[in-house]
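Below you'll find the structure, written out as structure tokens, and then a few comments.
The values are calculated or read from the model by the stated rules, or taken from the named source; none is laboratory data. Because the structure is a prediction, the values reported are computed rather than measured. Positions of Cβ are generated from backbone atoms using ideal geometry, with glycine treated the same way; all protein chains shown enter the neighbour counts. Surface areas here come from the heavy atoms of the whole protein model, side chains and all, with no ligands, DNA or RNA. Shrake-Rupley method; radii C 1.70, N 1.55, O 1.52, S 1.80 Å.
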Amino acid sequence: QVQLVESGGGLVQAGGSLRLSCAASGRTFSSYAIGWFRQAPGKEREFVAAIRRSTTSYTDSVRGRFTISRDNAKSTVYLQMNRLQPEDTAVYFCAARYWAVSTTASEYDYWGQGTQVTVSS
């Protein structure tokens, strides 16, 4: 069992930055892939980024602006978001699945409650 808690969301102007954190509890954190997804009002949940060990994956719209990283000693995954744009506005969720990175939400077994990111123009 893995429990996930996101933090770090907020309101920022376009071009600004935020860093999201996903704190995990449970055993063998380092064996889990952690993904970030986001969901804007009226839209489906979409993949943003994922990491397991040194393997990372990003959706095209954030590559070069967002960086995912993890600190296994703190059981925490971070999503550094730079050059934010209004279209990045959404609730951001972190999720965990055992072993391999996936870009598919349904393949993740554990989810946090989400944190709101709002980017004003």
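Yes or no: Val117 in contact with a strand residue (DSSP E or B) (Cβ under 6 Å, 6 or more places away or on another chain) and over 18 Å from Gln3 (Cβ atoms)? Yes, satisfied. Taken over region 70-112, the criterion of being open to solvent by 50 Å² or more (accessible area, probe 1.4 Å) and either β-branched (Val, Ile, Thr) or under 12 Å from the mean Cα position of the chain (by Cα) (or both) is satisfied by Gln80, Thr103, Thr104, Trp111.
Per the listing Arg38, Arg63, the residue uniquely in contact (Cβ under 8 Å) with a residue 12 or more places away in the chain and charged (D, E, K, R) is Arg38. Output the residues belonging to region 1-37 that are small (Gly, Ala, Ser), loosely packed, with under 15 Cβ neighbours inside 10 Å and part of a strand (DSSP E or B). Those that are small (Gly, Ala, Ser), loosely packed, with under 15 Cβ neighbours inside 10 Å and part of a strand (DSSP E or B): Ser7, Gly10, Ser25.
Is it the case that some residue within region 27-48 is of a type in the set (Val, Ile, Thr) and in contact with a helix residue (DSSP H, G or I) (Cβ under 7 Å, 6 or more places away or on another chain)? No, because not a single residue in region 27-48 is of a type in the set (Val, Ile, Thr) and in contact with a helix residue (DSSP H, G or I) (Cβ under 7 Å, 6 or more places away or on another chain).
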